[in-house]
1. What's the total number of residues in segment 137-189 that are in a loop (DSSP other than H, G, I, E, B) and small (Gly, Ala, Ser)?
2. Checking the conditions here, which among TYR212, TYR185 is of a type in the set (Phe, Trp, Tyr) and crowded, with 16+ Cβ neighbours inside 10 Å?
3. Can you tell me which residue among PRO132, PRO204 is under 16 Å from GLY91 (Cβ atoms) and modelled with pLDDT of 90 or more?
4. Please list, ordered by residue number, the strands (runs of 3 or more DSSP E) wholly in segment 63-129 having 3 or more residues that are surrounded by 13 or more Cβ atoms within 10 Å (Cβ to Cβ) and under 12 Å from the mean Cα position of the chain (by Cα).
5. Which of (1) more than 16 Å from the chain's Cα centre (by Cα); (2) part of a strand (DSSP E or B); (3) in contact (Cβ under 8 Å) with a residue 60 or more places away in the chain does GLN233 not meet, given it meets every other one?
6. Taking the residues in segment 211-248 that are aromatic (Phe, Trp, Tyr) and under 30 Å from LYS188 (Cβ atoms) as candidates, determine which candidate is modelled with the lowest pLDDT.
7. Sort out which residues of segment 28-76 are within 19 Å of PRO204 (Cα to Cα) and at pLDDT below 85, and write them in order of number.
8. Could you pull out the residue among THR158, THR165 that is without any contact (Cβ under 8 Å) to a residue 40 or more places away in the chain, surrounded by 14 or more Cβ atoms within 10 Å (Cβ to Cβ) and more than 24 Å from ARG49 (Cα to Cα)?
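The values are calculated or read from the model by the stated rules, or taken from the named source; none is laboratory data. Because the structure is predicted, anything quoted here is derived from the model rather than measured. Cβ coordinates were reconstructed from backbone atoms using ideal geometry, including for glycine residues, and neighbour counts include every protein chain displayed.
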Amino acid sequence: MKNLTKTLFVIITLFGSTAVMAQNTDTVNTHGWMKHRPAGAIQIQVTYRKGNIDQLNSALNANGIPSVKQSNIWINASMSHVFNKWMFEDGIGFTPIASSEMNDLKVKYNQYQLFWRAGYNVSTNSDFRLYPFAGINFSAARLKVEDKARIRNTNDFTDELLNSTSSKTFWQPNFGIELGAGFDYVIKLKSKKMDCFEIERNIPIGIRAGYYINAYAGDWKVDSYKLQNSPNQKQNAVFISFNIGLGYKIKK
């Protein structure tokens with residue numbers, strides 16, 4: 001954690017230095033830029049959101065493949081952006097890979113996501129942030145099937161290139177809406193002065209909780225080819241995230 005904190009401090013410092021150098025080239029633009037007092041944070045989030053892949057497991061079982069026990073944990077990297085009372089958050093994340101195996105046939109399953117949220121801070125205390133938010137979420141489920149028996153039946157490179165195999169990767173696009181609320185406790189750190197600017201630094205620690213609505217669950221695909229009769233049940237669920245980051249606010 002100590003090394004992570006140092007790394008985040010370096011990133012924030014470099015960001016501040018780059019911004020200062022760019023803005024000093026134009027006094028008029030500097031004034032307009034500083035009027036907004038850029039603020040935000042680099043964050044790591046761990047989210048619990050229970051999924052439902054019963055239809056997918058039924059399809060696996062029908063073909064003699066054991067069910068996959070998917071992970072309900074999402075690991076996310078995100079950025080927050082503060083404009084007065086308005087809070088914005090964007091990030092990317094993934095779930096750990098789950099797998100099952102039968103003889104020489106192995107399947108691996110996990111998910112990826114990209115999200116964006118907007119909220120409004122209703123707290124009047126600068127040490128706390130409490131904000132309802134709404135957001136959108138784009139995600140994709142990935143299922144990789146490996147047929148080891150067919151892949152490993154030759155030692156010749158040319159033969160392997162032309163080898164017929166059932167190993168392939170399936171993926172399913174999803175779109176969701178997130179409704180919830182966030183809370184941050186802001187631990188203030190020592191400020192850092194740079195030329196005519198001052199960077200107020202802090203560590204936001206908090207939670208986000210809400211409900212994820214899987215508004216669209218697409219058909220499974222191989223490459224860009226859409227598959228008919230594919231499992232596509234929606235994964236609506238309550239979610240809760242634990243958040244820690246390194247925050248900044250740039251002042252003149």
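1. Residues in segment 137-189 being in a loop (DSSP other than H, G, I, E, B) and small (Gly, Ala, Ser): 3 in total.
2. Criteria check complete, one pass: TYR212.
3. Testing whether each residue is under 16 Å from GLY91 (Cβ atoms) and modelled with pLDDT of 90 or more leaves just PRO204.
4. 73-83, 86-94, 105-120
5. (2)
6. TYR248
7. Within segment 28-76, ARG37, PRO38 meet the criteria.
8. After applying the criteria, what remains is THR165.
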